[in-house]
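The values are calculated or read from the model by the stated rules, or taken from the named source; none is laboratory data. Since the model is a prediction, treat every value here as computed from it, not as a measurement. Counting neighbours? That spans all protein chains shown, and the Cβs are built from the backbone with ideal geometry, glycine included. Areas reflect the complete protein model, heavy atoms only, side chains present, ligands, DNA and RNA absent. Shrake-Rupley method; radii C 1.70, N 1.55, O 1.52, S 1.80 Å.
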Amino acid sequence: MEGGADPLDTIPTKATILQLAEMKLLNSEALERALKISGVRPDRARWRGFLDSLLLVLAALFTVSGVFFFFAFNWASMHRFFKLGLLQAGIFVAVVPAARDKLERLTGKVALGVAALIVGALLAVYGQIYQTGADSYELFLYWALLIAGWVLISRFTPLWMIWIILLNLSLEFFWIQIVGDLDFRLNLLIFALNGGALLVWELADASGIEWLESRWSPRLLFLPAFGVLVEPTMEWTLFQELGYRSDPLLPVMVLLFIGTSAMVMYIYSQIRLDLFMLTVCAAGLMLIIDTWIARSLGTRGFEAATLLCMSALFIGEAALVVSLLRRVSRAWEARESG
Amino acid sequence: MSDLSIRELLSQLVGEGYAIPEGNLEQAREFLRDESKASSPWYVRLFTGFSAWIAAIFLIMFLFLANVLNDDVGILAIGMFFIVIAVALNRSDLRNDFISQLGLALGLAGQVLAIYGLGSIFEDSFLVPLLIILGEIALIMVYKKPPSTLPFDVDNHWDDPFRTLRPRCG
């Protein structure tokens with residue numbers, strides 16, 4: 001049979017079920033029942049579960065932002081020991097449910113996350129009271145180091161992502177304030193940090209660690225890792241002949257861009273399917289290729305024609321990318337059903 | 001979400017005593033196969049939409065640079081022409097990725113030009129938005145082809161884009 005799996009064996013979405021009704025396969029009572037059985041329309045228990053987690057996470061976020069604003073607003077009217085003591089008490093209060101629930105349940109994980117965030121508030125307050133002249137990268141770095149242990153034991157994806165964001169911030173502030181030179185070494189380090197985290201994540205997930213299943217975090221990690229490669233490559237395509245930039249790392253970044261693109265396209269189309277990574281990779285490649293073509297056409301002086309070519313190019317490339325993605329996805333369906 | 005496939009879902013419904021017309025199953029399969037070809041995840045749609053916008057901007061810049069757009073009525077006419085092509089492409093039977101991407105880009109460019117043309121012809125803060133709103137409503141109504149090509153009888157309310165806003169009775 002051409003086209004891979006039988007569509008009747010796929011799991012229906014809400015749109016599919018509504019379509020079945022449009023096609024007179026389901027009458028209105030059967031439609032109601034179908035929506036319920038398939039779980040598209042949540043039942044009482046699922047609503048309760050959803051509201052439970054939603055309220056828990058919102059409460060945690062509001063509590064933490066409440067703590068931050070409380071200190072900002074009442075800054076002048078509290079003694080410094082009172083401020084520090086209050087924050088330490090806050091950390092303690094947050095850690096207790098985490099210890100009681102043993103981090104198996106969401107409440108424990110969220111409580112530990114709250115404690116980790118208040119550590120940041122504590123450091124910020126400490127830095128304000130004792131003006132040591134320290135640089136702001138130190139705040140993020142010490143914050144990340146202090147909560148590293150909690151992050152390690154949390155098995156909680158959002159906390160890991162906060163931790164990686166803190167590391168990114170430390171690196172960038174360190175570079176801006178201490179090194180000062182914004183060159184491609186920073187790009188290389190950001191690539192190493194986020195790309196490394198992505199690699200570790202995927203390897204650990206492949207080895208079967210259950211809580212790593214969610215796909216949003218590796219996808220989020222890929223964006224900065226790939227973005228810091230696209231930017232120098234684009235500069236290279238624009239200015240290569242002008243000798244505008246003689247950063248010795250530029251060729252390295254271009255090679256890294258090519259290597260990473262090839263690897264990402266191979267891994268996420270052959271080893272495991274992730275269309276998001278493929279789409280981002282294709283968009284990056286498209287940007288580079290089009291920059292190069294526009295520059296080559298533009299320097300020869302037919303401007304209006306260049307614009308028309310670019311328009312056609314974008315339409316053609318996008319269509320090509322979509323049909324390639326579709327082919328990859330269909331090959332996976334065939335592989336899984338066969 | 002439960003892990004029931006469409007087939008299992010239907011057989012459970014039959015087991016519970018709901019009437020499922022068996023004859024429509026084969027057509028439903030064909031229709032769903034087409035449908036699964038057409039739908040894409042949100043980031044792919046974001047990508048295609050973004051590329052279409054860039055293509056549309058390049059196209060408009062080309063028309064201005066090539067001095068094709070020198071009077072307001074001409075701009076409006078070209079915009080309407082693009083929109084007509086876009087609708088025709090979108091409703092045609094030979095839809096593939098390239099055709100739909102081309103239709104999207106032409107539709108966007110056509111709307112920008114038509115709105116610009118309308119604005120500079122009438123220069124009226126009441127009439128122009130009104131015409132734009134009416135035009136966009138008309139465009140939404142004709143843009144999608146109603147699936148009346150289905151080989152079995154369907155109550156055809158597909159050309160009514162507001163049906164989901166109305167309370168369903170029964």
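Between rounded, prolate and oblate, where does region A:1-91 land on the alpha carbon gyration tensor, with a ≥ b ≥ c its root eigenvalues, rounded for a/c under 1.5, else prolate if a/b exceeds b/c?
Values: a/c = 5.06, a/b = 3.54, b/c = 1.43.
Prolate.
Modelling each spin label as a point 7 Å along the Cα-to-Cβ direction, I'd like the B:Arg7/A:Ala45 distance in nm, to one decimal.
2.7
Any idea how far apart A:Leu255 and B:Leu46 come out in nm if each label point goes 7 Å out from Cα toward Cβ?
3.3
Work out which helices of chain A, taken as complete DSSP H runs, extend at least 30 Å along their axis over the Cα atoms and score a mean Kyte-Doolittle of -0.5 or more, then list them. Before the final figure, lay out each step's value.
Values: long enough: A:44-73 (42 Å, 1.37); A:80-100 (31 Å, 1.20); A:106-129 (34 Å, 1.78); A:184-206 (32 Å, 1.21); A:216-239 (35 Å, 0.78); A:275-298 (33 Å, 1.64); A:303-337 (51 Å, 0.64).
Within chain A the helices that satisfy the rule are A:44-73, A:80-100, A:106-129, A:184-206, A:216-239, A:275-298, A:303-337.
What is chain A's relative contact order, in percent, from Cα pairs under 8 angstrom and six or more apart in sequence?
Details: 241 pairs, mean separation 42.5, N = 338.
With pairs under 8 Å counted, the relative contact order is 13 percent.
Hey, rough spin-label estimate for A:Leu223 and A:Phe82, points 7 angstrom out along Cα→Cβ, what's it come to in nanometres?
4.2
First measure r as the distance between the Cβ atoms of B:Glu30 and A:Phe69, then evaluate 1/(1 + (r/R0)^6) with R0 = 60 Å and state the FRET efficiency to the nearest 0.05. Intermediate results must be reported in sequence, preceding the final value.
On the way: r = 59 Å, r/R0 = 0.98.
E(calc), rounded to 0.05, equals 0.55.
Just need log10 I(q)/I(0) for region A:226-338 at q = 0.10, 0.20, 0.21 Å⁻¹, Debye formula, equal scatterers on the alpha-carbon atoms, no solvent, rounded to two decimals.
-0.38, -1.09, -1.14
Please give the contour-minus-distance gain from A:Ala331 to A:Leu152: 0.36 nm per residue of separation, less the Cα-Cα distance, rounded to one decimal in nm.
Values: separation 179, 0.36 × 179 = 64.44 nm, distance 3.76 nm.
Residue separation times 0.36 nm, minus the Cα-Cα distance, leaves 60.7 nm.
Can you give the longest stretch of chain A with no exposed loop site, where a site means chymotrypsin sites (Phe, Trp or Tyr not before Pro) in a DSSP loop (not H, G, I, E or B) with at most 14 other C-beta atoms within 10 Å?
Numbers: sites that count: A:Tyr130, A:Tyr244, A:Phe302.
Within chain A, the longest run free of exposed chymotrypsin sites (Phe, Trp or Tyr not before Pro) spans A:1-129.
Once you have a ≥ b ≥ c as the square roots of the Cα gyration tensor eigenvalues for region A:134-206, tell me rounded if a/c is under 1.5, and otherwise prolate or oblate according to whether a/b is larger than b/c.
oblate
Can you tell me the Rg and the Dmax, both Å, for the Cα atoms in chain A?
Using the Cα atoms of chain A, the pair Rg, Dmax is 25.9, 77 Å.
Output the relative contact order of region A:1-134, whole-number percent, from Cα pairs under 8 angstrom with separation of 6+ residues.
Working: 69 pairs, mean separation 25.1, N = 134.
The value is 19 percent.
Loop only by DSSP, 11 or fewer other Cβ within 10 Å of the Cβ. Give me the GluC sites (Glu not before Pro) in region A:206-236 that pass, ordered by residue number.
Numbers: sites: A:Glu210, A:Glu213, A:Glu235; in loops: A:Glu213.
Answer in residue order: A:Glu213.
Starting from the Cα-Cα distance between A:Arg185 and A:Ile129, subtract it from 0.36 nm times their residue separation and give me the gain in nm to one decimal. Could the numbers behind the result be given before it?
Numbers: separation 56, 0.36 × 56 = 20.16 nm, distance 3.46 nm.
Value of the extension gain: 16.7 nm.
Would you kindly find the accessible area of B:Glu30, with a 1.4 Å probe and non-protein molecules such as ligands, DNA and RNA excluded, rounding to the nearest 10 Å²?
Approximately 90 Å² of B:Glu30 is accessible to the 1.4 Å probe.
Given a Förster distance of 30 angstrom, what is the FRET efficiency for B:Ile137 paired with B:Val68, based on the Cβ-Cβ distance and rounded to 0.05?
On the way: r = 29 Å, r/R0 = 0.95.
For B:Ile137 and B:Val68, the calculated efficiency is 0.55.
Below 14 angstrom from the Cβ of A:Thr260, what's the summed charge of the other residues (Lys, Arg +1; Asp, Glu -1)?
-2
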